[in-house]
Amino acid sequence: MPALRFSVQNTSKATDLKTPCVILPVSSSGRLDNDGKALNRQCGGVINAAIASGEFSGKIGETELVHSASAPERVILVGIGEGRGDRAALLRISAATARALLASKAKDAHFLASPLKLAKADGEWFFQTLGRDLVFHSYRYDATLSAPKPEPTLRKFSVSVTESANSRQIKAALERGGRTGTGINLARELANLPGNHCTPEYLAREARKLARTSDKTSCKVLNEKAMADLGMHSLLSVTAGTVTPARLIVLEYKGSKRTDAPHVLVGKGITFDSGGISLKPGAKMDEMKYDMGGAASVLGTLRAIVDMKLPINVVGIIAAAENMPSGTATKPGDVVTSMAGITIEILNTDAEGRLVLCDALTYAARFKPASVVDIATLTGACVVALGSHASGLYANDDALAKDLLAAGTESHDRAWRMPLWDDYQKQLDSNFADVANIGGPGAGSVTAACFLARFTKDYRWAHLDIAGSAWNSSPKGATGRPVGLLTQYLCDQAKA
Ligand code: BES
Ligand code: MN
Ligand code: ZN
């Protein structure tokens with residue numbers, strides 16, 4: 001996708017604007033402020049005509065494109081309701097602006113911000129959101145179509161702010177948003193790619209490609225032999241049934257001092273989850289290509305923070321494998337020894353995410369991390385519990401949980417904390433190993449997290465179950481979540 005350049009002008013005088021397309025927020029009262037009136041005069045009254053005709057009512061999120069005989073040739077009216085809206089309203093305004101502007105095919109557009117009357121606390125937040133939305137809504141999937149879809153036309157986006165606002169900060173907010181959007185779109189693309197394209201080795205190539213874009217990044221990929229040497233027999237049990245080789249991908253970003261403890265992100269990278277010998281039913285099995293959504297979010301987040309040059313150290317670890325049935329596949333009842341030495345009875349081969357994650361989480365300890373967050377499309381039970389609006393959050397550290405919840409709220413990529421009480425642990429008791437890989441019918445998302453908790457005792461750790469939030473079933477497609485949350489979290493850590 002071609003780059004989108006952001007700028008901020010310190011004028012709101014319509015006559016000073018050189019762009020062929022102006023976006024004007026309009027309240028449901030239909031009254032224009034001075035900037036709006038000036039723009040209306042310059043366009044020969046077409047704005048007031050659209051409002052007076054009743055075509056455009058100013059409801060939140062409503063948009064209308066009006067043409068003018070004199071520059072700017074096009075004005076996009078965006079409804080803002082009563083004005084001075086809360087963040088929920090601003091989110092809708094931002095998304096509507098992005099959609100309408102991209103649909104207009106403009107190359108260069110200017111956003112006249114004064115009618116929004118943004119509160120000081122909301123200014124940077126709104127423009128970060130808008131920067132993200134402009135990039136987010138530019139995404140098209142065409143990787144496996146015979147003909148590419150037309151590229152978005154928008155190249156330049158400028159904003160006018162009032163004297164009092166700091167234009168440097170607004171520009172930085174737009175850019176931060178844009179980079180977040182680029183990371184989100186990378187995660188969407190990877191999760192949308194089918195399993196025969198996006199294999200573990202494909203993810204490894206993507207990680208190496210990302211590492212080549214900055215001298216602060218490096219990438220190491222472990223093959224199955226290297227994993228066996230480390231004792232990762234839990235992870236390897238998942239790949240036993242497939243001819244597609246597994247990979248453990250380690251992507252390091254050093255944005256600050258060598259000695260600063262890194263934040264580690266660990267992604268579940270099951271590039272296709274058939275369930276293995278505990279085969280899934282056929283309906284919707286195609287969607288299990290997105291079972292590497294956690295891995296995709298690790299790469300997307302690293303893409304964003306490398307581009308932002310955040311002064312922080314981050315390690316991304318991806319446990320990538322395909323879960324297939326065959327004569328060599330792991331069988332229900334098999335017992336394996338994990339890298340941590342904990343033996344695991346595999347009662348259900350479809351509970352494979354925790355099997356790859358536990359070894360990756362054990363590996364994470366070598367980085368002496370400041371925090372570890374794993375991200376996984378881990379359980380159908382999480383979809384039952386929370387649907388698609390919230391990711392399930394589990395943590396062994398309250399301060400870490402608080403930071404992640406706050407980052408989710410700020411980025412509108414929300415999580416909801418779930419219990420990790422020891423009371424649930426006995427559901428994982430096994431007669432034949434230290435732990436079973438399933439915990440029975442109750443609280444499936446909790447017992448999956450409890451399984452992981454046994455491998456994460458040595459550091460501050462959180463787990464995000466994104467089974468519901470990472471994918472839309474209609475229209476089918478990856479959401480790129482929780483790249484927004486994770487990027488915000490790391491931005492907050494870089495400031496702290
Ligand atoms: N990848 C699935 C979880 C999943 C299900 C994600 C639906 C998105 C939508 C995971 O590997 C899985 O199969 N989990 C099992 C666990 C069970 C066997 C304990 C599940 O949720 O059914
Ligand atoms: Mn599974
Ligand atoms: Zn899975």
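The values are calculated or read from the model by the stated rules, or taken from the named source; none is laboratory data. Predicted model only: the values in this text are computed from it and were never measured. Every residue, glycine among them, receives a Cβ derived from its backbone with ideal geometry; neighbour counts consider all protein chains shown. Note: accessible area is taken over every heavy atom of the protein model, side chains too, but ligands, DNA and RNA are not part of it. Shrake-Rupley method; radii C 1.70, N 1.55, O 1.52, S 1.80 Å.
Data table
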item: Cα lying deepest toward the dipole's positive end in segment 1-130, options G85, L118, L130, charges on Cβ; result: L130
item: Degrees between helix 483-495 axis and first principal axis of the chain (Cα, 0 to 90, nearest 10); result: 90
item: Difference of contour (0.36 nm per residue) and Cα-Cα distance, K209 to Y141; result: 22.5 nm
item: Prolate/oblate/rounded call for the chain, Cα gyration tensor, a/c under 1.5 rounded; result: prolate
item: The chain - percent of accessible surface contributed by carbon and sulfur, probe 1.4 Å; result: 52
item: Accessible area of the chain divided out per residue, in Å², using a probe of 1.4 angstrom; result: 41
item: Residue (of P482, H463, M324) at the positive-pole extreme of the chain, dipole from beta-carbon charges; result: P482
item: Label point at V243 placed 7 Å out along Cα→Cβ; residues across segment 318-332 whose backbone nitrogen lies under 20 Å; result: 321-330
item: On Cα atoms only, tilt of 87-103 relative to the major axis of the chain in degrees; result: 80
item: Among A240, A207, M227 the positive-end extreme of the charge dipole of segment 202-243 (Cβ point charges); result: A207
item: Long pairs among K105/K495; K209/K257; K216/K476; K117/K149, criterion Cα-Cα beyond 31 Å; result: K105/K495; K216/K476; K117/K149
item: Cα centre as origin, Lys/Arg/Asp/Glu Cβ charges: segment 1-122 dipole, Debye; result: 220
item: Whether segment 42-140 is rounded, prolate or oblate, judged on the alpha carbon gyration tensor where a/c under 1.5 counts as rounded; result: oblate
item: Cα centroid of segment 70-138 to Cα centroid of segment 370-448, whole Å; result: 36
item: Dipole magnitude of segment 185-495 about its Cα centre (Cβ charges: Lys, Arg +1; Asp, Glu -1), debye to nearest 20; result: 900
item: Value of relative contact order over the chain, rounded to a whole percent, pairs C-alpha under 8 Å and six or more apart; result: 14
item: Antiparallel DSSP beta bridges within the chain, as percent of all bridges there, nearest 5; result: 40
item: Nearest-ten-degree value, helix 293-308 long axis tilted from longest Cα axis of the chain; result: 50
